[in-house]
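The values are calculated or read from the model by the stated rules, or taken from the named source; none is laboratory data. Quick caveat: nothing in here was measured; it's all calculated off a predicted structure. Note that each Cβ is placed from the backbone with ideal geometry, even for glycine, and that neighbours are counted across all protein chains shown. All accessible areas refer to the heavy atoms of the entire protein, side chains included, with ligands and DNA or RNA removed. Shrake-Rupley method; radii C 1.70, N 1.55, O 1.52, S 1.80 Å.
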Amino acid sequence: MSVASVSWLTGLWLLAVDNPTFWHALWAGRDDSSARSLFALAGVALVLWALLSLMVRLLCWPRLAKPAVVVLLLAAAAAAHFIGSYGILIDKGMIRNVLQTDWREASDLASLPLLIDLALRGLLPAALVVVVRIEFRPWRASIKGIAVHAALTVALALAFAAAFFGDYASAARNQRELRHMLTPTNVANGFFGLWKEHRRAELKLTRVGEDARRAPVPALGRPLLVVLMVGETARAANFSLGGYGRSTNQALDGKDVVYFPNVTACGTDTATSLPCMFSDLGAERFSVAAAGARENVLDILTRAGVSVRWLDNNSGCKGICQRVASVDLSRGTDPGLCDGQECLDGVLVKALREELAASAGAAASASASAGASALGDGLIVLHMKGSHGPRYYRRYPSSSRRFEPTCDTNEIQRCGREALRNTYDNGINYTSEVLAQTIDLLAAQADRVDSVMLYVSDHGESLGESGVYLHGLPRIMAPAEQTRVPMIAWLSAGAQLRLGVSRAALQQVASVSYSHDNLTPTLLGSFGVRTRVYRAELDLLAKARAAGPGDGAAR
């Protein structure tokens, strides 16, 4: 079979078999069912067939053709499955997520429908490509064939654009998501965008906040401990603290927490949001490559003399914690919290308890020998597994299963809406229990530590609204379920006195709109770190102090 035949047949397969979601969306967005509309769609089909065939033809060289086309078919089949099953879109952010996913997260997505899809849409045509005998022409003739093919593609595109420009312009303007649906060009564009992003990144790490210094603090005799709990996939819409109809935050009743109901995430996936939360760049200037090439707030705090420690029960810190002490707890062996593959978030509370006990012992030893405390001010980040999907049913113990029936499968699109909501809400309920346990643990240390607990999720989650599941849609078109996240604060009485911030003052400013941009300034402000990158107008504690008197002198 000639290279041209392989290219055109493979292009037709990709266009027809791997793009039903694209065609459905394009058809649904048409203005009418007139003959003109049908001819415009036919024009799109012809141009895309020529384009995808050209894409395949560029791969068809001796020794390269078969493995390259096989990989292309398998990648397209996988992309088509997830686009069709979960309503996701493929862009560079989604490709980044794939590259940073560990085997446990990948296994959460494995299912029989996925295997069937890969077999029928990927392995079947790949097998045909492997067994067929491809007849290659001399390289000069091959180049000429590619040139003719490219010229035909351009000619078709220009002809149909001239005839139906208004129709196509309308679709391009009103259905921007289409380019993220078209497979496999979306995969190729995603990799290309990621490559460009990393090429622009500076190789040398940029130091940030080199002028950082801490303001004088009162000699209270107790260190300040900030516990930052970074949630995973928790959306604000399902928090009863924010008005949700179900009691998903019952464990926090009576804990004197302050809930921030209007918080927007920097991104819709962990690989974007997590670095952004700890960056001084802010959402508007942020890119993963730029953030990776510069220090973050953990580096600034360390330079200012604050002890920083990262405890992880997720898939890693995405490079944020590479210059501070960190511990991976996700592979723990506690039979009450871990199953050999992953751990519940209770493992973080256990680790925090051990950290506090160790610091108490060190302080006692230092006090006995030198008459002073050995424990300095510190930040401990607890990176939670949270409500990571699609196996929501594995994010909580049986004792936290308050809402039934549940969706005990990773094929969440096959579950009823109520069962899926029940399962997700059980995860939120367990997150609330973990937060409550953390608060109780810190409150029990009030005689020796002034403590602050701050919780904020990295991004939200779609649970089937408008046919969309999971997360990771481009932020510009992502629904509120993926971008609105919960944030909760708790301060011990000693911390309120020390920081000059009362719970009432903090509650007074909680209803204002915030975002992940507020996290870095708030962490710097908590420890009294002054630097050029500190923005007081984004510091939650500074806002609370300005809104009303605290329970003590401001620092």
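For segment 451-466, the Karplus equation 6.51 cos²θ - 1.76 cosθ + 1.60, evaluated at θ = phi - 60°, returns couplings of 10, 10, 10, 10, 10, 8, 7, 6, 6, x, 7, 9, 10, x, 4, 6 Hz by residue, with Gly and Pro reported as x. Restricting the GluC sites (Glu not before Pro) of segment 185-275 to loop positions (DSSP other than H, G, I, E, B) with no more than 15 neighbouring Cβ atoms within 10 Å leaves GLU202, GLU210. Charges were assigned to the Cβ only: +1 to each Lys and Arg, -1 to each Asp and Glu. The resulting dipole of segment 73-142 about its Cα centre is roughly 420 debye. Extension gain, GLU135-ALA443: 0.36 nm per intervening residue step, less the Cα-Cα distance, totals 103.4 nm.
In order along segment 35-41, the Karplus-derived 3J(HN,Hα) couplings, from 6.51 cos²θ - 1.76 cosθ + 1.60 at θ = phi - 60°, round to 4, 4, 4, 5, 5, 5, 5 Hz, and Gly and Pro are given as x.
Based on the Kirkwood radius over alpha-carbon pairs, what is the Stokes-Einstein translational diffusion coefficient of the chain at 10 °C with 1.306 mPa s viscosity, in µm²/s? Estimated via Stokes-Einstein, D reaches 61 µm²/s.
Among the listed pairs LYS144/LYS196; LYS350/LYS543; LYS255/LYS350; LYS385/LYS543; LYS196/LYS385, a Cα-Cα separation exceeding 24 Å is found for LYS144/LYS196; LYS350/LYS543; LYS385/LYS543; LYS196/LYS385. Within the full protein context, the accessible area of PHE191 is estimated at about 100 Å² for a probe radius of 1.4 Å. With the radius of gyration and the Kirkwood radius both derived from the Cα set of segment 32-121, what is their ratio Rg to Rh? My calculation of the ratio gives 1.06. Rounded to the nearest Hz, the phi-derived 3J(HN,Hα) couplings of segment 67-81 under the Karplus curve 6.51 cos²θ - 1.76 cosθ + 1.60 (θ = phi - 60°) are x, 5, 5, 4, 4, 4, 5, 5, 5, 5, 5, 5, 4, 4, 4, where x marks glycine and proline. For the chain, the list of Cys residues with no other Cys C-beta under 4.7 Å reads CYS60.
Here's the picture: charge each Lys and Arg Cβ at +1 and each Asp and Glu Cβ at -1 in the chain, and of ALA234, PRO125, VAL258 the one pushed furthest to the positive end of that dipole is PRO125.
Between amide H atoms placed 1.01 Å from N, distances below 5 Å from TYR469 occur with GLY87, ILE88, GLY464, all of them 5 or more places distant or on a separate chain. Less than 5 angstrom separates the built amide H of SER457 from those of GLY231, all sequence-distant by 5 or more or on a different chain. Between the amide H of TYR514 and those of ASN262, VAL263, THR264, distances stay under 5 Å, these residues lying 5 or more places away or on another chain, with hydrogens modeled in the peptide plane.
When the convex hull of its Cα atoms is viewed from all sides, segment 396-555 shows a mean projected area of 11.8 nm². The calculated FRET efficiency for ALA42 paired with ASP211, based on their beta-carbon distance and R0 = 41 Å, is about 0.05. Just so you know, the Rg over Rh for segment 126-254 is 1.22, from Cα atoms, with Rh as the Kirkwood radius.
Computed on the chain, with alpha-carbon pairs under 8 angstrom and 6+ residues apart, the relative contact order is 20 percent.
Taking Cα centre as origin and charging only the Cβ of basic (Lys, Arg, +1) and acidic (Asp, Glu, -1) residues, the dipole magnitude of the chain rounds to 1560 debye.
Counting only DSSP beta bridges with both residues in the chain, the antiparallel share comes to about 35 percent. The largest accessible area among ASP299, ASP339 belongs to the first residue in ASP339, ASP299, and the rest follow in falling order (1.4 Å probe, all chains).
Summing Lys and Arg as +1 and Asp and Glu as -1 over all other residues whose Cβ lies under 12 Å from the Cβ of ALA478 gives a net charge of -3. With the charge dipole of segment 417-534 set up from +1 on Lys and Arg Cβ and -1 on Asp and Glu Cβ about the Cα centre, the Cα lying farthest toward the positive end among the listed residues SER466, LEU497, VAL452 is that of LEU497.
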